[in-house]
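Chemist: Attaching a single structure in structure tokens format; questions to follow.
The values are calculated or read from the model by the stated rules, or taken from the named source; none is laboratory data. Predicted model, so just to flag it, every value in this text is computed and none were measured. Ideal geometry is used to build each Cβ from the backbone, glycine not excepted, and the neighbour counts take in all protein chains shown. In case anyone asks, the SASA skips ligands and DNA or RNA and just uses the protein heavy atoms, side chains included. Shrake-Rupley method; radii C 1.70, N 1.55, O 1.52, S 1.80 Å.
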Amino acid sequence: MNYYERALELKEETISCRRHLHEHAETGLDLPDTVSYVMEKLTEAGYQPKKCGHGVTTTVGHGSPVLLLRADMDGLPITEDSGEPFASKNGRMHACGHDFHTAMLLTAAKMLKENEAELNGTVKFMFQPAEETFEGSKDMIANGILEDPKPDAALAYHVAIAKMPYTMYMYNAGSTMMNSVDGFKITITGQGTHGACPQQGVDPINIGVHIHLALQELIARESDPKNACVLTIGKFEAGTVANIIPDTAVLQGTLRTDDPKAREHLMKRLHEVCEKTADVYGGRVSIEALSDVPPLICNGELTEEMAGYMKELDIPGLTPYPDCSATASEDFAVVAEQIPSTYMYLCAGTMDERSDYPVHHPKARFNEEICPIGASCYAHCATEWLAHHA
């Protein structure tokens, strides 16, 4: 089967699916309408899908080897302002393009089912929730997505907005593709008092300010300049009135790195800096982990192999952009830690003002011309990889 030609025939169906998902965006682990829709579409295509944790899985083909194809399904808690006629109106938005991933993989699943007799092994599908909260991969792994049958390798795509041709695809076969993310919540406990008598209390806001400044020094003076290390405090909450020093203050943030050793060192030092700084000023801290995702490091051989299969599709203008990386994070990294995996970006941008706004923005808009490209790449890469590893 020529998957690109078939994907072009199914283009409007894929776009319709994407728009339905977009208009009915859901967030987090609990995606009841999305899961129901995905299972309905898979059933229509001849599958018997089942839930795996909070996600959905099914297979096509028989025996070994086994390739896992993954698409995330969740949106973001963003009120959409894109102006699209199918914009979400429920206060949640597919501002990162996961609606594309799901729609493209559903079309790929339909094409693979049509071509099942020619498959030299098994394709396993992973429709995942909660990528944005870094919970979805772990949830599905805990519920057996990497067992029965056990995948030998995995492939995932992610759309990107950029002022580049929509036929560009980006990958990294030699180093970190995306950074780790360690989300943290620092709760500082002091002793509240009246603002006129600060000596009678312990000011957690003052401690929080010193912790914030000290944590920035970890990046400035303790991280190797050759590594990408970013520490962000995005939330600082304390107090309710202007003249009272509160009992507690809370800081929340993320640490992202491209190197496992740098990550380990900086997280250790983060705990030490917080604890010792609080002690100096008479307070105490507790630190809660909010996320724990390693760097996404793709298997080099598999990545080059998949990029080669994509070239075989003879898609007009399809152009590789190797050695690409991003400081953002992706919980597909948890899968990539356990089995050989690759992850690529497909450009879903335009060369005009429609690409003025990035992902995670209320005005973000995507180019639907990527739909047949993504669907055919999923299906063709799976078929070819099985054939070459049977």
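Chemist: Any residue in region 1-20 that's of a type outside the set (Lys, Arg): show its pairings with residues that are open to solvent by 70 Å² or more (accessible area, probe 1.4 Å) and part of a helix (DSSP H, G or I) at Cβ separation under 8 Å, as long as the two are six or more apart or on different chains.
Modeler: Met1/Glu114; Met1/Glu118
Chemist: Quick check on Ala278: is it in contact with a strand residue (DSSP E or B) (Cβ under 7 Å, 6 or more places away or on another chain) and assigned to a helix (DSSP H, G or I)?
Modeler: Taking the combined requirement at face value, the residue satisfies it.
Chemist: Go through (1) within 28 Å of Pro340 (Cα to Cα); (2) not in a loop (DSSP other than H, G, I, E, B) for Lys185 and report which single condition fails.
Modeler: The number of the failed condition is (1).
Chemist: Kindly evaluate Glu217 against the criterion of being within 20 Å of Thr327 (Cα to Cα), free of Cβ contacts under 8 Å to residues at least 60 places away in the same chain and touching a His at 6+ places or on another chain (Cβ under 8 Å).
Modeler: no
Here's the yes/no breakdown for (1) closer than 24 Å to His54 by Cα; (2) over 18 Å from the mean Cα position of the chain (by Cα); (3) open to solvent by less than 40 Å² (accessible area, probe 1.4 Å):
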site	(1), (2), (3)
Ser137	yes, no, yes
Met170	no, no, yes
Thr193	no, yes, yes
Ala220	no, yes, no
Asp224	no, yes, no
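Chemist: Suppose the filter is in contact (Cβ under 8 Å) with a residue 60 or more places away in the chain and over 21 Å from the mean Cα position of the chain (by Cα); does Glu305 pass it?
Modeler: Yes; evaluated as a whole, the condition is true for this residue.
Chemist: When you look at Glu312, is it open to solvent by 50 Å² or more (accessible area, probe 1.4 Å), under 28 Å from Phe134 (Cα atoms) and among the acidic types (Asp, Glu), yes or no?
Modeler: no
Chemist: Please find, within region 94-112, the residue that is most open to solvent (accessible area, probe 1.4 Å) out of those that are of a type in the set (A, V, I, L, M) and in contact with a helix residue (DSSP H, G or I) (Cβ under 8 Å, 6 or more places away or on another chain).
Modeler: Leu106
Chemist: Would region 233-252 turn up any residue that is of a type in the set (Gly, Ala, Ser), closer than 18 Å to Glu264 by Cα, in contact with a Ser or Thr (Cβ under 8 Å, 6 or more places away or on another chain) and in a strand (DSSP E or B)?
Modeler: no
Chemist: Inspect region 199-214 for any residue being more than 22 Å from Met267 (Cβ to Cβ) and of a type in the set (A, V, I, L, M, F, W, C) and give the result as yes or no.
Modeler: For region 199-214, residues more than 22 Å from Met267 (Cβ to Cβ) and of a type in the set (A, V, I, L, M, F, W, C): present.
Chemist: I'm trying to understand the selection: among the residues of region 266-294, which are aliphatic (A, V, I, L, M), open to solvent by 50 Å² or more (accessible area, probe 1.4 Å) and more than 24 Å from the chain's Cα centre (by Cα)?
Modeler: Val280 - this is the single residue of region 266-294 that is aliphatic (A, V, I, L, M), open to solvent by 50 Å² or more (accessible area, probe 1.4 Å) and more than 24 Å from the chain's Cα centre (by Cα).
Chemist: When you scan region 106-127, do you find a residue that is within 18 Å of the chain's Cα centre (by Cα) and outside any strand (DSSP E or B), even just one?
Modeler: No.
Chemist: Tell me whether region 249-261 contains one or more residues that are more than 24 Å from the chain's Cα centre (by Cα), within 17 Å of Asp279 (Cα to Cα) and in contact (Cβ under 8 Å) with a residue 12 or more places away in the chain.
Modeler: For region 249-261, residues more than 24 Å from the chain's Cα centre (by Cα), within 17 Å of Asp279 (Cα to Cα) and in contact (Cβ under 8 Å) with a residue 12 or more places away in the chain: present.
Chemist: Tell me, yes or no, whether region 323-338 has at least one residue that is out of contact with any Gly (no Cβ under 9 Å at 6 or more places or on another chain), outside any helix (DSSP H, G or I) and open to solvent by less than 10 Å² (accessible area, probe 1.4 Å).
Modeler: yes
Chemist: May I pose another question? Which of the following residues is of a type in the set (Phe, Trp, Tyr), buried (at least 16 other Cβ atoms within 10 Å of the Cβ), under 23 Å from Arg263 (Cβ atoms) and under 18 Å from the mean Cα position of the chain (by Cα): Tyr345, Tyr378?
Modeler: After ruling out the rest, the residue left standing is Tyr345.
Chemist: For region 226-242, how many residues meet the condition of being surrounded by 15 or more Cβ atoms within 10 Å (Cβ to Cβ) and more than 16 Å from Pro295 (Cβ to Cβ)?
Modeler: Adding up the residues that qualify gives 4.
Chemist: For Leu313, state whether it is touching a strand residue (DSSP E or B) at 6+ places or on another chain (Cβ under 9 Å) and under 30 Å from His388 (Cα atoms).
Modeler: No, not satisfied.
Chemist: Would you call Lys363 farther than 30 Å from Asn227 by Cβ, assigned to a loop (DSSP other than H, G, I, E, B) and not small (Gly, Ala, Ser)?
Modeler: Yes.
Chemist: Of the conditions (1) among the small types (Gly, Ala, Ser); (2) surrounded by fewer than 16 Cβ atoms within 10 Å (Cβ to Cβ); (3) within 30 Å of Asp331 (Cβ to Cβ), Ser180 clears all except one; give me its number.
Modeler: All conditions pass for Ser180, except number (2).
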